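Data first, discussion second: the structure below is written as structure tokens.
Every number in this text was worked out from the coordinates using simple rules, so none of it is lab data. These numbers were taken from a predicted model, which means no experiment stands behind them. Neighbour counts are summed over all protein chains in view; Cβ atoms, including those assigned to glycine, are modelled from backbone coordinates with ideal geometry.
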Amino acid sequence: MSFLYPLVLVVALLVTAAAVLAYGTMQKRRSAAMRRLGFAPAGAVRRHLPYAFVLIALPILLVGLARPQAEVTVPRVSGTVLLAFDVSNSMQAGDVQPSRLGAAQAAAKEFVDDQPSTVDVGVLVFGDQALLTQAPSDDHQAALAAIDRLSAGGGTSLGQAILVALGTITGKTVALPDEGAAPPDLGYWPSATVVVFSDGQETGGPDVVAAAELAAAAGVRIQTVGVGTERGATVEVDGFQLGTALDPALLTSVARTTGGAYLPAGDAATLTDTTKGIDLRLTAKKEPLELTAPFAGAALLLLMLGAVLGSRWHGRII
């Protein structure tokens, strides 16, 4: 427990000591006077209890004036969420309307709208390379604007996306270690989550599973959302028709490696509902709780008890 005005505690001690001393002196004089007059003093309980309540209330009230505070642990959803969007050519497929990317944008925007201000949201896009388009912040409108600007084209490198996400979270440049070398020390970031929207079709880049293992070692959880259908669709790229279908295997592996979950979504409506199942971590934060009111309430109760008993037993409040 801490106090905003600790010097008041010294005053409380001095005032209480003086009050107790004054009461003891007064009672001795009163008892002596009653004996001289031939009256026996009242019973100890009736004689002292009303005043005892008042004397106990006095230091409690003064301690309340010192503004006591206690730290309490408050659970809440907080931390950093990076939304990583696959913007490769395959995300133009129309097996999810209006397109895989369009459906991912709509679902992600609803997800952002549901987040409290304690969650910082950032936006990352990945094709052949990965790029942070909106740094994590509590400005959710900026994140929504970044999501609106997404457009598809190129290949897919989920491994590169994970490395750039880790770099954003840790503030370091992150790369896979050479074979036989020790992995980089990225610290531990359990309040950070990466949410990947992708159809799972990897076309190259750093090893995805190795990148996921780096994330797991850093305490960063990756949640993956499968966008598309396993029956697939065709997209036109440079005049060619290419078949593309949802491949959940890689997305499932990445999520499980980091302790996250793979969430499949076969159509736009299901995809929007799926984002409601994204599990963000509860963190605990210590916050000060002022205890002035409880102290004042306890003192007031004791004063009332003293007044009632004094009135009933002695014909006066105290």
Next on the checklist: Quick check: residue separation of Ala261 and Val209 times 0.36 nm, minus the Cα distance between them. What number comes out in nm?
Outcome noted: 17.2 nm
Item to check | Residue-span extension gain [Arg312 to Ala181] - 0.36 nm each, minus C-alpha spacing | outcome: 38.7 nm
Checklist outcome for this item: Computed ³J(HN,Hα) along region 185-198: with the Karplus parameters 6.51/-1.76/1.60, θ = phi - 60°, integer Hz and x for glycine or proline, the list is 8, 9, x, 10, 10, x, 8, 9, 9, 10, 10, 9, 9, 7
Item to check | Of Pro294, Pro136, Pro116, the one that fluctuates the most in a GNM where the chain has Cα springs shorter than 10 Å | outcome: Pro294
Item to check | More than 35 angstrom apart: percent of Cα pairs within the chain | outcome: 47
Checklist outcome for this item: Shape call for region 104-237, from the Cα gyration tensor axes a ≥ b ≥ c (a/c under 1.5 means rounded, otherwise prolate when a/b beats b/c, else oblate), comes out oblate
Item to check | Along the chain, longest interval not containing exposed trypsin sites (Lys or Arg not before Pro), exposed being DSSP loop plus at most 10 other Cβ atoms within 10 Å | outcome: 1-230
Checklist outcome for this item: Across the chain, qualifying lysine pairs (alpha carbons under 29 Å, at least 8 places apart or different chains) come out at 7
Next on the checklist: If I take R0 = 51 Å and measure r between the Cβ atoms of Gln129 and Thr270 in this structure, what FRET efficiency does the formula 1/(1 + (r/R0)^6) give, to the nearest 0.05?
Outcome noted: 0.95
Checklist entry - Taking N as the number of residues in region 62-173, what value does Rg over Cα atoms divided by 2.2 N^0.38 Å take? => result 1.43
Checklist outcome for this item: Comparing Ala218, Ala12, Ala255 in a Gaussian network model of the chain (Cα, 10 Å), the one with the largest mean-square fluctuation is Ala12
Checklist entry - Once you sort the root eigenvalues of the Cα gyration tensor of region 131-187 as a ≥ b ≥ c, which label holds: rounded (a/c under 1.5), prolate (a/b larger than b/c) or oblate (the other case)? => result oblate
Checklist outcome for this item: Under the rule rounded for a/c under 1.5, else prolate if a/b exceeds b/c, else oblate, using alpha carbon gyration tensor axes a ≥ b ≥ c, region 176-226 is classed as oblate
Checklist entry - Using a Gaussian network for the chain with springs between C-alpha atoms less than 10 Å apart, which of these wobbles most: Val87, Val195, Val72? => result Val72
